Amino acid sequence: MKVPADEVILTDRCRLRYPDEADIPHVWSASLVPGFNDGLAWEHPKNAKELEARLKETREAWAKGSAYAWTAECPETGSFIGRIVIRREDKPGAWAIGYWIHPAHQGAGYATEIASAIVNFGFCRLGATAIRAAHATWNDASGKVLQRIGMRFVGSNPKGFQKRGKWVEEYEYEIHPTPR
Ligand SMILES: CC(C)(COP(=O)(O)OP(=O)(O)OC[C@H]1O[C@@H](n2cnc3c(N)ncnc32)[C@H](O)[C@@H]1OP(=O)(O)O)[C@@H](O)C(=O)NCCC(=O)NCCS
């Protein structure tokens with residue numbers, strides 16, 4: 001199943017759409033905030049050119065159907081809110097989500113709102129049979145998001161991702177479709 005690039009997902013307060021060049025200054029300004037990248041596997045970009053290359057990779061992954069990254073914006077004003085991705089994992093039917101909210105919009109429930117919508121998209125449109133997520137053990141804000149959307153803690157992984165050459169331990173979560 002391929003998802004068309006013009007597909008849009010609407011939530012109570014957000015419009016989720018295919019990422020584009022207009023997002024780059026917002027990704028840049030978010031990653032300039034001290035500590036913003038600490039819980040993310042990606043590092044602060046060196047320049048805007050690097051973000052253009054990442055956008056290209058993001059779109060290639062979408063075209064291949066291996067990962068769908070969505071920009072969350074305000075439907076009325078178009079103002080940038082954050083990013084969420086759902087990636088195919090090796091095991092058939094398994095997908096994983098990752099997300100971030102621009103620091104200007106954190107603490108308002110947006111991560112919970114868009115993560116819930118993307119889990120639903122995963123089950124209904126991608127036919128996912130399991131959706132996983134993980135967060136650095138210190139990242140309580142992310143853990144609360146996963147618990148609020150009904151994900152279940154499944155264990156910890158001492159080698160979750162690397163940050164400045166060191167492994168960061170992660171807590172792992174999972175959710176399955178509810179039987180009808
Ligand atoms: C972790 C992160 C995604 C959380 O984003 P967020 O939008 O602030 O998270 P939420 O959507 O759950 O909102 C958080 C708070 O807003 C509150 N809130 C306010 N208005 C709300 C509303 N209308 N609906 C729901 N919750 C609301 C929630 O209750 C919650 O409060 P609490 O943490 O005291 O329980 C964000 O801090 C972030 O992007 N961090 C940097 C990158 C990162 O670490 N990403 C995750 C990697 S695993």
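Sorted largest first, the spans of the alpha carbon positions of segment 119-180 along the three principal axes are 44, 20, 17 Å.
Based on Cα contacts under 8 Å between residues 6+ apart, segment 1-98 shows a relative contact order of 26 percent.
With a bin width of 10 angstrom, please list the P(r) values of segment 1-155 as percents of all Cα-Cα pairs, from the 0 bin to the one holding the largest distance. With 10 Å bins starting at 0, P(r) equals 10, 42, 39, 9, 0. Going by a ≥ b ≥ c, the root eigenvalues of the Cα gyration tensor, does segment 40-86 fall in the rounded group (a/c under 1.5), the prolate group (a/b larger than b/c) or the oblate group? The shape class here is oblate.
Over the chain, calculate the relative contact order: mean separation of alpha carbon pairs under 8 Å at least 6 apart, over the residue count, as a percent. That works out to 17 percent. Taking the Cα centre of the chain as the origin, how large is its charge dipole in debye, to the nearest 20, when only Lys and Arg (+1) and Asp and Glu (-1) carry charge on their Cβ atoms? For this selection, approximately 400 debye. Extension gain for the segment Ser29 to Asn157, taken as residue separation times 0.36 nm less the Cα-Cα distance, is 43.0 nm to one decimal.
For the chain, the 222 nm mean residue ellipticity estimated from helices alone, with every DSSP H stretch of n ≥ 4 adding -39500 (n - 2.57) and the total spread over all residues, rounds to -8500 deg cm²/dmol.
FRET efficiency for the Lys144 to His176 pair, using the beta carbon distance and R₀ = 25 Å, is estimated at 0.75.
Values quoted throughout were computed directly from the atomic coordinates according to the rules given, and no laboratory measurement underlies them. Keep in mind it's a predicted model, so treat the numbers as computed, not measured. Cβ: placed from backbone, ideal geometry, glycine included. Neighbour counts: every protein chain shown.
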